[in-house]
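**Q** Structure provided below as structure tokens; questions to follow.
The values are calculated or read from the model by the stated rules, or taken from the named source; none is laboratory data. Every value quoted in this text rests on a predicted model; they were computed, and no experiment measured them. Backbone-built Cβ (ideal geometry, glycine too); neighbour counts: all protein chains shown.
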Amino acid sequence: MLPNAGKIVAIAGVAIFLFGLLLMASEKTGTRWWLDWFGNLPLDLKIEKENFRFYFPLGTSVLLSLIFSLMLYLFNKFIR
């Protein structure tokens, strides 16, 4: 088992908690403008017909994957 598993879980928990507080604060003040890009990137596919709706967030998935990969890289580089 990892010797720093407790530290990793604690840091992840604090990060998720802070992000949740940020989302809750933005809902109450009505300033969700910084999340308007989410789901509206150039590679996000949207097909809407009368009885059919298809949405595949490819661009958002790629961006989030790059962000999380960078975060994990920096975490492994500086924490360990």
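**Q** What are the residues in region 35-80 that are polar (S, T, N, Q) and either surrounded by 10 or more Cβ atoms within 10 Å (Cβ to Cβ) or under 18 Å from residue 8 (Cα atoms) (or both), if any?
**A** Matches in region 35-80: 40, 60, 61, 65, 69, 76.
**Q** Could you figure out which of (1) exposed (fewer than 10 other Cβ atoms within 10 Å of the Cβ); (2) at pLDDT 75 or above isn't true of residue 30?
**A** Condition not satisfied by residue 30: (2).
**Q** Could I ask something else about it? Of all the residues that make up region 1-18, how many are surrounded by fewer than 11 Cβ atoms within 10 Å (Cβ to Cβ) and modelled with pLDDT of 85 or more?
**A** Here the count works out to 5.
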